[in-house]
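Read-outs: derived from the displayed coordinates by stated rules, not from any lab. Source: prediction; values computed, not measured. Cβ: placed from backbone, ideal geometry, glycine included. Neighbour counts: every protein chain shown.
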Amino acid sequence: MIQGIGASPGIAIGKTFVLPNWEWDLPEQKIDVGDLAREFERLYEGIRTSKVEIEQMKDELREVVGTEESYIFDAHLAILEDPVFMNEIQGIIQRQYKAAEVAVKEAIDHFVTMFDLLDDEYMKERALDIKDVGNRLLKHLLGAPEITLPSDTQPFILVAKELSPSQLAHLNPSHVLGIATLVGSTTSHSSIMARALGIPLVVGLDTKLEVAIETGDMLIIDGTTGIVHLEPEEELIDQYAAQQEHQREASQRLKGIVSFQPVTQDGKEIELGANISSLKELDVALASGTNGVGLFRTEFIYMDRNRLPKEEEQFEVYRNVAEKLSGRPLIIRTLDIGGDKKLDYFEHREEENPFLGYRAIRVCLDKTDLFKTQLKAILRASAFGKVKIMYPLISSVEEVQAANRVLSEAKQELEEEGRAYDRQIEVGIMIELPAAVMIANLLAGEVDFFSIGTNDLVQFTLAVDRMNDQISHLYEPFHPAVLRMLKMTVEAAKEAGIHVGVCGEMAGDLRALPIWLALDVDELSMSAHAILPIKERLLCLKQQDSRSLFQELLTCRTSLRIHEMLAAFDNGLPAGGNPDSFQAM
């Protein structure tokens, strides 16, 4: 067994095809002074051809994975237009009299090495984009063919050191059972695309492999757990095949409850919403019977481009989502950049603790023009659906009041422009900092709703960076302190009479469902694929039983004991609900 990182869920079992690394045969001799003009022309022609090719890929991919994911290739186009990258190539040609392809290769190596040395996962991922674009340019300069995948129709598991978005764009999902890469992360462009394509993916195997994987080897990969088995025994293959079949059966069973109301056996109803960042994710959520969107991450509109999106561009996206929801609620979180989410064209100063630094609402209140542009786009979209605004990373009443002042200015400007918007639009905040929990009763007087962001709340409550391998085991959502934080937040919302939901990972965690029922939250918002499993479990529960359990959980002194009690409670439930006994929506 090899433990990698699960980056796209699902199980794949099959023979491998190992994608060879890019290798180039470059000229060693220098060029003559008289040939400089010809080399520059070759470079510019290669850039033009690469741009056309990238645009074509972007158009083709849009039909498969959706408009938002296809924006990944805007970042590739931006690299070909980046003056620093191009000046590096031109300088090598002009000063060192090297051929265009040699200059491109040296420039790629220079920037990739520089980015790889940075202790920044985002910049390491951008190094792969530079390599991808550079290799495309080299291919045209050298007249080299694309590295092709097997031409027969026998499905395979693709193995590569790293997989670029360009290479992934050329895959036929019906031929690829799964993907395993030696390097990469769950937030890389390739991981995003693999999830959109529905291909199981495991990354980060480089330091875990004791022997090399070769084409034709038998492999099992589990994109959920990150486990990989090389040349597994027949018994293990049978076990995983049974898991695959179980997943297919469960998926079919869950389709039978899409139209059923999310209500417990004793009548407690909870809205089940979706966390989305694209229209494609919204389509999956709607097919799962979502009650609305509890968290629309707007970062994708700003990322993978070379400038800030204009008001009109944002408005079109927000309006499309609102219209597709047909009156269901849409909570749009304002821009949440910083930490591990950075924009290539936005200056991010190096920080000792970026997650505690210049990010989210702090950026927006500092760059009010940027903030107001987004707020105006959201307000305009509110004329086309039940749109709500949500501010992230709030730590004080002053921040809410400052954000609302910018919102008032945005409303006033729209009034002057004669543009329609919902004058009763609701405004809420994410509760994801211990400071917000401790003053939740004060914050509740300033807003229309709370949404608990459990990911950051757990991280900050326990002072644990969950991306840090050395301490990730200390990231414990069921810590006694976390349960008390959740209780304080919900009670403050209930006392103030405002709506309270949850939009972090715990919202889609089956183990946590009795906790939300006991606390009487109004909404759970989760990834689209979690909606039906949560609904199925909800249909089997009673709120009163959950309340009794929670009172016992509050007496637990350790996380281990809380896990034991939740497991015992879960084991007392039926494996699946009987759709005939539930009510359709």
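Observations on the structure shown:
- Sorting 554, 335 from the fewest to the most surrounding beta carbons within 10 angstrom yields 554, 335.
- Relative to the longest principal axis of the Cα atoms of the chain, the long axis of helix 100-116 makes an angle of roughly 30 degrees.
- Residues 185, 546, arranged from fewest to most other Cβ atoms within 10 angstrom of their Cβ, appear as 185, 546.
- Angle in degrees between helix 480-496 and the longest Cα principal axis of the chain, rounded to the nearest 10: 60 degrees
- In whole percents, the pair-distance distribution calculated for the stretch 259-581 from its alpha-carbon pairs, binned every 10 Å from zero, is 6, 26, 35, 24, 9, 1, 0.
- With a Förster radius of 41 Å applied to the beta-carbon distance between residue 397 and residue 207, the computed FRET efficiency rounds to 0.30.
- Interchain or long-range residues, amide H under 5 Å from residue 394's placed H: 430, 432
- If R0 is 51 Å, the Cβ-Cβ spacing of residue 33 and residue 174 corresponds to a FRET efficiency of close to 0.45.
- Gain on full stretching of the segment that runs from residue 265 to residue 362 - 0.36 nm per residue minus C-alpha separation: 30.6 nm
- Which listed pairs, of 280/386; 98/161; 58/280; 310/367, have C-alpha distances above 22 Å, in listed order: 98/161
- 0 to 90° range, to nearest 10: angle between helix 559-571 axis and the chain longest Cα axis: 70 degrees
- Sites residue 87 and residue 484, calculated FRET efficiency, Cβ-Cβ separation with R0 56 Å, nearest 0.05: 0.50
- Full extension of the chain segment joining residue 567 with residue 41 gains 182.6 nm, where the gain is 0.36 nm per residue of separation less the Cα-Cα distance.
- Label-to-label distance, nm, for residues given as residue 415 and residue 552 (7 Å Cα→Cβ offset): 5.7 nm
- Taking 88, 350 and counting other C-beta atoms within 10 Å, the order from fewest to most: 350, 88
- For Cα extents along the principal axes in Å, calculated from these coordinates, the label among (i) 122, 57, 46; (ii) 80, 70, 51; (iii) 83, 69, 42: (iii)
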